[in-house]
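Read through the structure below, which is laid out as C-alpha cells, and then see the notes.
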Amino acid sequence: MTDRNQALFDRAAQVIPGGVNSPVRAFRAVGGTPRFVQRAQGAYFWDANGQKYIDYIGSWGPMILGHGHPAVLEAVQKAALDGFSFGAPTEREIELAEEILKHVPSMEMVRLVSSGTEAGMSALRLARGATGRSKFIKFEGCYHGHADALLVKAGSGLATFGNPTSAGVPPEVVRDTLVLEYNNIAALEEAFALHGKELACVMIEPIAGNMNFVRASVPFMKRCRELCSEYGALLVFDEVMSGFRVALGSAQSVYAQLIPGFKPDMTVLGKVIGGGMPLAAFGGPREIMRQLAPTGPVYQAGTLSGNPVATACGLTTLREIAKPGFFEALSARTQSLVDGLKGAAAQAGVPFSADCQGGMFGFFLLPELAQNYAQVMTSDSPKFNKLFHGLLDGGVYIAPALYEAGFVSAAHTEADIAETVRVAGDVFKTL
Ligand code: HOZ
C-alpha cells in the first residue's frame, strides 16, 4: 500500500521548508514520517492513510473539549455566516474579554491578538513601556514565542545576558535579556541584586510546557513575586499553555491557593482561549493596560485581532469549560492516565516519573521529575524515540519530541486511557 503520509511529506518538502509550517511537526527529533491529519473527532484523529490515533496533542493544547465539539461547531458556523473578518470592533470581543477576566481576576483589562508569539511579544513591549526599563529575566527552557528578544539561551555565567538561539537574531537585540535557571532561587536573587532596578519584568511559564512539564516550585514562585514587588519589576505569567488548561483560573489560581494573596502583574494567554482558532491575549491591571495605544504610548495592533470567527470559537469553548464539574472530571481523567503510565513503567522496570495538572501532563524517562532544563536534557532520548514510535504504531499520538507537554481533553474516555496504558505497557517492556 502507498504511504500517503510519506507521499504528502515529499510533496510538501518541495514547497514548504522542511515540509511543515512549524518545525516540531517534521518529526526531526524522533525520526520517521510525520502523520498528515485528514480529520479529527473527539479524542481521535485520522491520518492520510486512514489510520486512527488517540490524540494527546490536541493542537498543542487548545482542543480541551476534544475535536468537533457540537456547541463550538455551531457557534463557529453561525459566526462564519455573519462574516469572516471586519477590521472593526464586534460585541463578541467584549463578551470574550469579560469571560476571560471573570476567571482570571489578576487581569482588569485584556487585549486580544492572534497568536501566543504576538501576545508574548506585546506583553514584553508593554512591560518595558510601562516601567521605562529595558532589561528583563526569562528562564532557560521556558518558551515565550519566537519574537527576537525572547529567542535567547543562557549566557556563560549566572548573571550574564543571553545569546540568540536562532540565526537572524542580532546579539544587540538580546543584550537586555537575562536568562536564568528555572527553579534556582540563588540565581534569581543574584540577578536582582545586580540588575533589579533596571528590570522591566520577569517572564515565566508558571508550569512550563515547553521543556516537557516542569512546575515552578512554590518557594521559587514566592521569591519571584517578592523580588518583582521589591524592585518594581512586573511579574509576567506566560500562560499560553497553562491558561484555562490546568484550571479554570489558570496556573495562577493554583499558585494563589499555595501562596496567600499571590497574583502576577500581567498574563499572556493563547491556545484554549481560541478553542483551536488563531486567538491569544495579554492582560493586566488597568493602569498598565491603558499604556497601550490608543490610550497610551505603547503601540500594538492587528487586522485579525479579535477575529469574529475565532472569538466565537474561544467564547463557546470557555463557556463549556466553565460548566460545573468540568475541571474535576478532566483532572481525574488526566490523573488516571499518569497513574496508569507510572504503573505500567514500574511493572516493566523502566525509570519513569510523571506529573499533571488539570488537562496537562508530562513524563520523563527519569526516576525523578526534572526541575529545570538541564535536568530535562538528561532524559534518554533514544529510549524516548523508541517509546514514541511504539505508541504511534499502537495508535497513540504524543508529541514527537521529549521537550513537549501532553494534553488530555474532555473527550478522552476511560477506555481511551486504558488502551493508551495497555499500548505503553507493551512498549515499556521493549525499552
Ligand atoms: N509551539 C509548539 C510546540 N511547543 C508547536 C506548535 C505546532 O507545531 O503547531
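Where a number appears in this text, it was derived from the coordinates with a stated rule and is not lab data. Fair warning: this is a prediction, and the values are worked out from it, not measured in the lab. A quick note on method: Cβ atoms are made from the backbone with ideal geometry, for glycine too, and the neighbour counts reach across all protein chains shown.
For the stretch 11-54, which positions are at positive phi and either touching a strand residue (DSSP E or B) at 6+ places or on another chain (Cβ under 6 Å) or crowded, with 18+ Cβ neighbours inside 10 Å (or both)? Passing the criteria: 19, 27, 42.
Among the residues making up the stretch 337-369, those that are crowded, with 18+ Cβ neighbours inside 10 Å and over 17 Å from the mean Cα position of the chain (by Cα) are 337, 338, 340, 341, 344, 345, 350, 352, 354, 364, 365. Taking into account only those residues within the stretch 5-32 that are touching a helix residue (DSSP H, G or I) at 6+ places or on another chain (Cβ under 7 Å) and under 18 Å from residue 400 (Cα atoms), which is nearest to the ligand (Cβ to nearest atom)? Applying the filter and picking the extreme gives 20. Residues in the stretch 86-117 that are assigned to a loop (DSSP other than H, G, I, E, B) and among the hydroxyl-bearing types (Ser, Thr, Tyr) were compared, and the one that is nearest to residue 248 (Cα to Cα) is 106. If you go through the stretch 111-146 and keep only what is more than 16 Å from the ligand (Cβ to nearest atom), within 22 Å of residue 273 (Cα to Cα) and surrounded by fewer than 21 Cβ atoms within 10 Å (Cβ to Cβ), you end up with just 125. Scanning the stretch 392-402 turns up at least one residue that is among the aliphatic types (A, V, I, L, M), in contact with a strand residue (DSSP E or B) (Cβ under 7 Å, 6 or more places away or on another chain) and more than 16 Å from the ligand (Cβ to nearest atom). Considering the conditions (1) within 16 Å of the ligand (Cβ to nearest atom); (2) within 18 Å of the chain's Cα centre (by Cα); (3) under 28 Å from residue 329 (Cα atoms), residue 388 is excluded by exactly one of them, (2). The helices (runs of 4 or more DSSP H) found entirely in the stretch 285-364 that carry 3 or more residues being farther than 30 Å from residue 87 by Cα are 326-348. For beta carbons closer than 7 Å, sequence separation of 6+ or different chains, a first residue in the stretch 23-41 that is over 17 Å from residue 391 (Cβ atoms) and a second that is of a type in the set (Val, Ile, Thr) and within 16 Å of the ligand (Cβ to nearest atom), the qualifying pairs are 26/20. Going by the conditions given, is residue 413 of a type outside the set (D, E, K, R), surrounded by fewer than 17 Cβ atoms within 10 Å (Cβ to Cβ) and free of Cβ contacts under 8 Å to residues at least 24 places away in the same chain? So residue 413 does not fit the description; no. Consider the stretch 207-239. How many of its residues are within 16 Å of the ligand (Cβ to nearest atom) and not in a strand (DSSP E or B)? Qualifying residue count, the stretch 207-239: 5.
Across the stretch 291-312, the number of residues qualifying as in contact with a strand residue (DSSP E or B) (Cβ under 9 Å, 6 or more places away or on another chain) and of a type in the set (Val, Ile, Thr) comes to 3. Across the stretch 370-406, which residue is surrounded by the most Cβ atoms within 10 Å (Cβ to Cβ) among those that are part of a loop (DSSP other than H, G, I, E, B) and in contact with a Gly (Cβ under 6 Å, 6 or more places away or on another chain)? Among those residues, the one meeting the criterion is 405. Yes or no: the stretch 89-109 includes at least one residue that is of a type in the set (S, T, N, Q) and surrounded by 12 or more Cβ atoms within 10 Å (Cβ to Cβ). Yes, that holds for at least one residue.
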